[in-house]
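Participant: I am attaching a structure below and will ask some questions about it afterwards.
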Amino acid sequence: MKKMILALVFLAGVFGGLQAQKIKGSDTMLPLSQKVAEMFMKARPSESVTVTGGGSGVGIAALIEGTTDLAQSSRKIKFDERQKLQQGGKTVKEVTAAFDALAVIVHPSNKVSGLTREQLEAIFTGKITNWKDVGGENLKIIPYARETSSGTYEFFRESVLRNRNYMNGIMSMPATGAIIQSISQTRGGIGYVGLAYLNKDVKALGVSYKSCAGHVQPSAASAKDGTYPIVRPLLYYYITQAESRSKAFVDFVLSTEGQKIVGEIGFIPVK
Amino acid sequence: MNIIKKSRFIAHIILCLTAGFAASAQESVPTPFEKLITKADSLDSSLRILQRLKITGYVQAQYQYAQADADGISFKQHGKANAYEKSHNTDYSRFAIRRGRLKFVYEEGIASAVAQVDITDKGLSTKDIYLQVKDPISGRNMLKAGMFYRPFGHEFMLSSSRRESPERTRISQIMFPDELDLGFMLTLQPPKNSALAALRLDAGWFTGNGIRPQVVSRMDFVAHLYGSHTFGNSISIGGGISAYLGGVFQNDSSIFMMDNGKFMLHDKNANRIGRYAPRQYFGADFQYAQFTAAGLTQIRLEYVAGKHPGNAAGAYDYRFSALPAAGEIYLRPIAGGYISVAQDLGPVPLTAVARYDFFDPNTDVSSNNIGADGSRTGAGDVAMHSLGCGLLWKINQTLRLTAYYELVKNETTAQIPSVASENGSTYIAGYDSDRRDNVFTLRLQYTF
């Protein structure tokens, strides 16, 4: 009898584990999903949520393969990804959970305080290679980018580089933390991270998309009022046909409580 | 001196023993955690090796119902009706494993090897076998050698598991009955940051003999220049042009070419044995796909024209296991193409499919001139038009059910001589009206 009870408890545990809702994808969204998941499980003790990163591309690939319930993504789903889902008779639902400003960061000792979009494009495509060409000291520029599976990589390329390719041999970092760490240790370094990741080890530059306008510093306020130009939506994707698996969590993110967490983390609420 | 040597020897022995003892004394027993780490490392390296090998495939089981005159193009699996069905002119049906594909890909670094077999109720046959080497700098250019799809057009290279209609169009099957060919190919793509990055050139030399071994020295040149672009995540447009410049070995002194609606002996004084009859095709293809509220809409167009060698009766297949037997060659100006539309039906996992395709095996003769006395034309010169429509049910990521009906219309001719006449017209009975050759296919596909 005792063995039977133990077996049932074990099976319940396994079954419970299998029922855990899985969220995977964007590293930028990791702090948001983790915090929301924590609060969600507190509010609903019977629910279990696991959150992992890996990049937006990894999350969407997992959604296509059916190994995650929700993909968190800092870029829009691509045509070929939609097509892969379509081939399996699936459609996806896109939900904007928050907005994020992408901050361009440099070493704290760097005297440059702002750059235009054109200058950023020239730096990341390898046309400008020295800080003195943009008003800084005579120092080689070392640009850092995220890996190609990252939604941040894609968004920066689309918005700042106007879909031009990054320079050959650019330093490719596996995570946002790695970019912060590298730039904090490299005097000529430049990179980009989500606003929520900014800390005192790096300096955020003001950015201008119009040459006549002044540089605007990244902040939740400047992103919300539209003056800071590098702003992107943070998205959740789930399979429409399996909506019941994810809807409660997504609704929680969009609730007043969820949007409060969005603001606390440093993102811009959608409501 | 001896004493010194002995002392040194003993000292060495003592040193070795001491060192050995010390070493074994330093060997500590690994903790369970260390053992776990070692085991995880070992499993990780094994997993990395296994990850280099990918196995994929698909199985298609199908039921087909065909009208009495259905040919092996639409009713692919078992060809025409059996003798009894033929003599009684009855409709017939077949159940078959149309395809049972198993594909192995091993990839390490810049090189990969691919092998694919087809296992069906007819037995085991070899499909793709090739190696591929990418350039180590950009990874965008590559060399491929072995047996694989010729780089011509779009439909030829579209996997059967992804195509909406059960079989390729008539012109595809006539031009390239095996789909695959033996040869080598270069793929060239401009650098990613180039303005021409969306272009791709596939060009190679192939035996032209399908999956059979090469029996003549000459190889055919095949090339496809292709470009595509996506607009946002909703629209994709692609298109390309293709060329096939090849030849078929002639083991006969005669070649007939079309002249004023008739086949005429060309260059009658020349002995053409050992020369090559031209086999040349040129094509253009276009693809459009768009996601809307109703789902994905896909449109594909393709047109091909060229010269295709055949015999008087219109047998087009020029794959040889040995040097071909002597026989007159008839060079036909051919043309064909298709338009295919697939439309998702809103939130339900259904896709409606329609395809029109045509194949004219001899563009220089039509209608009542086919089979005319002295023209040496016949059934092999009759144009065919097919209109297919169907429904795809994507049951899940791996299962797909297709129901497809193909309505085949042939060109008709009033010329109905019962036997080949002395002055050269050939047997064409049965083409004075539309033949009964429509086919219904119900196919279940599992992809893994």
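Participant: What ³J(HN,Hα) values, in whole Hz, does the Karplus curve 6.51 cos²θ - 1.76 cosθ + 1.60 give for the stretch A:192-206 when θ = phi - 60°, with x put for Gly and Pro?
Facilitator: 9, 9, x, 4, 5, 8, 4, 9, 6, 6, 10, 10, 8, 8, x
Participant: Using the basic label-point model (7 angstrom from Cα toward the beta carbon), what is the B:Met264 to B:Ala83 distance in nanometres?
Facilitator: With each label placed 7 Å out from Cα toward Cβ, I get 4.5 nm.
Participant: Can you tell me which of B:Leu182, B:Leu50, B:Leu201 moves the most in a GNM of chain B? Springs connect C-alpha atoms under 10 Å apart.
Facilitator: B:Leu50
Participant: Using only Cα atoms and rounding to the nearest 10 degrees, what angle (0 to 90) does helix B:2-26 make with the longest principal axis of chain B?
Facilitator: 60 degrees
Participant: Next question. Count, for each residue of B:343-353, the Cβ atoms from other chains sitting within 10 Å of its Cβ, then give me the mean as a whole number.
Facilitator: 2
Participant: Which whole number gives the average count of other chain Cβ atoms within 10 Å of the Cβ atoms across peptide B:190-201? Walk me through the intermediate numbers first.
Facilitator: Values: counts 0, 2, 4, 7, 1, 1, 0, 1, 0, 0, 0, 0.
If you average over the peptide's residues, the count of other-chain Cβ atoms is 1.
Participant: Related question: So how much slack lies between B:Leu323 and B:Arg212, counting 0.36 nm per residue of separation and subtracting their Cα-Cα distance, in nm?
Facilitator: Fully extending the segment from B:Leu323 to B:Arg212 adds 38.8 nm.
Participant: Ok, one more. B:Thr120's amide H: which non-local residues (gap 5+, or another chain) put their own amide H closer than 5 Å, with H modeled 1.01 Å from N in plane and none for Pro or chain starts?
Facilitator: Result for B:Thr120 returns B:Ser125.
Participant: Sticking with this one: With the dipole of chain A worked out from charges on the C-beta (+1 for Lys and Arg, -1 for Asp and Glu) around the Cα centre, which of A:Pro143, A:Gln34, A:Tyr197 lies farthest toward the positive end?
Facilitator: A:Gln34
Participant: Pull up all non-local amide H partners of A:Tyr192: gap of 5 or more, or a different chain, and H-to-H distance under 5 Å with H placed in the peptide plane.
Facilitator: The list, which skips near neighbours in sequence, is A:Ile105.
Participant: Also: Between B:Asp252 and B:Phe184, take the C-beta separation as r, use R0 = 22 Å, and let me know the FRET efficiency to the nearest 0.05.
Facilitator: With R0 = 22 Å, the Cβ-Cβ based efficiency is 0.15.
Participant: Can you bin the stretch A:100-224 into rounded, prolate or oblate? Criterion: square roots of the alpha carbon gyration tensor eigenvalues sorted a ≥ b ≥ c, rounded for a/c under 1.5, prolate for a/b above b/c, oblate for the rest.
Facilitator: rounded
Participant: According to a simple spin-label model (label point 7 Å from Cα along Cα-to-Cβ), what is the distance in nm between B:Leu301 and B:Ala203?
Facilitator: 2.7 nm
Participant: Now for a separate question. Among the lysines, which have Cα under 23 Å from the Cα of B:Lys262 when same-chain residues fewer than 8 positions away are ignored?
Facilitator: B:Lys307
Participant: Rounded to whole Hz and in sequence order, give me ³J(HN,Hα) for the stretch B:103-112 from the Karplus expression 6.51 cos²θ - 1.76 cosθ + 1.60, θ = phi - 60°, writing x for Gly and Pro.
Facilitator: 10, 10, 10, 10, 10, 9, x, 8, 10, 8
Participant: While we're looking at this one, here's another question. Top mean-square fluctuation among A:Tyr192, A:Tyr237, A:Tyr166, Gaussian network model of chain A, C-alpha springs under 10 Å?
Facilitator: A:Tyr166
Participant: Turning to a different aspect of this structure: Relative to the first principal axis of the alpha-carbon coordinates of chain A, what is the inclination of helix A:2-18, with its axis defined by its Cα atoms, in degrees from 0 to 90 and to the nearest 10?
Facilitator: Long axis of A:2-18 versus the principal axis of chain A: about 40 degrees.
Participant: Counting only other chains, and only Cβ atoms inside 10 Å, what mean value do you get across the residues of A:74-81?
Facilitator: Details: counts 0, 1, 3, 1, 3, 11, 3, 1.
Mean number of neighbouring Cβ atoms from other chains: 3.
Participant: Same structure, new question: Count the net charge of all other residues whose Cβ sits under 14 Å from the Cβ of A:Glu243, scoring Lys and Arg as +1 and Asp and Glu as -1.
Facilitator: Around A:Glu243, the charge tally is +1.
Participant: Still on this structure, please answer the following. How much FRET efficiency would the formula 1/(1 + (r/R0)^6) give for B:Ile235 and B:Ser28, where r is the Cβ-Cβ distance and R0 is 45 Å, rounded to 0.05?
Facilitator: E between B:Ile235 and B:Ser28, to the nearest 0.05, is 0.10.
Participant: Considering only DSSP beta bridges with both partners in the stretch A:100-224, what is the antiparallel share in %, to the nearest 5?
Facilitator: The answer is about 55 percent antiparallel.
Participant: Provide the FRET efficiency to the nearest 0.05 for the B:Leu50-B:Cys389 pair, computing r from the beta carbons and using R0 = 56 Å.
Facilitator: Computed FRET efficiency for B:Leu50 and B:Cys389 comes out at 0.80.
Participant: Which one of A:Gly53, A:Gly177, A:Gly258 has the biggest mean-square fluctuation once chain A is modelled by GNM with Cα springs under 10 Å?
Facilitator: With Cα springs under 10 Å in chain A, the top fluctuation among A:Gly53, A:Gly177, A:Gly258 is at A:Gly177.
Participant: Once you've got the Cα coordinates, tell me which of A:Lys111/A:Lys271; B:Lys54/B:Lys134; B:Lys268/B:Lys409 are over 28 Å apart.
Facilitator: A:Lys111/A:Lys271; B:Lys268/B:Lys409
Participant: Relative to a virtual label point 7 Å from the Cα of B:Leu345 in the Cα→beta-carbon direction, which members of the stretch B:292-309 show backbone nitrogen distances below 18 Å?
Facilitator: Residues passing the 18 Å test: B:292-298.
Participant: Modelled label-to-label distance, B:Thr292 and B:Tyr446, 7 Å Cα→beta-carbon offset: nm?
Facilitator: Placing both labels 7 Å beyond Cα along the Cβ direction yields 3.6 nm.
Participant: How far is helix B:32-51 tilted off the main Cα axis of chain B, in degrees rounded to 10, range 0 to 90?
Facilitator: Between helix and principal axis, roughly 30 degrees.
Participant: Relative to the present Cα-Cα distance, how much length would full extension add between B:Ile119 and B:Asn193 at 0.36 nm per residue of separation?
Facilitator: Separation in residues times 0.36 nm, less the Cα-Cα distance, equals 22.3 nm.
Bear in mind that the values in this text are calculations on the coordinates, not laboratory data. Small disclaimer: the values here were computed from a predicted structure and weren't measured. Note that each Cβ is placed from the backbone with ideal geometry, even for glycine, and that neighbours are counted across all protein chains shown.
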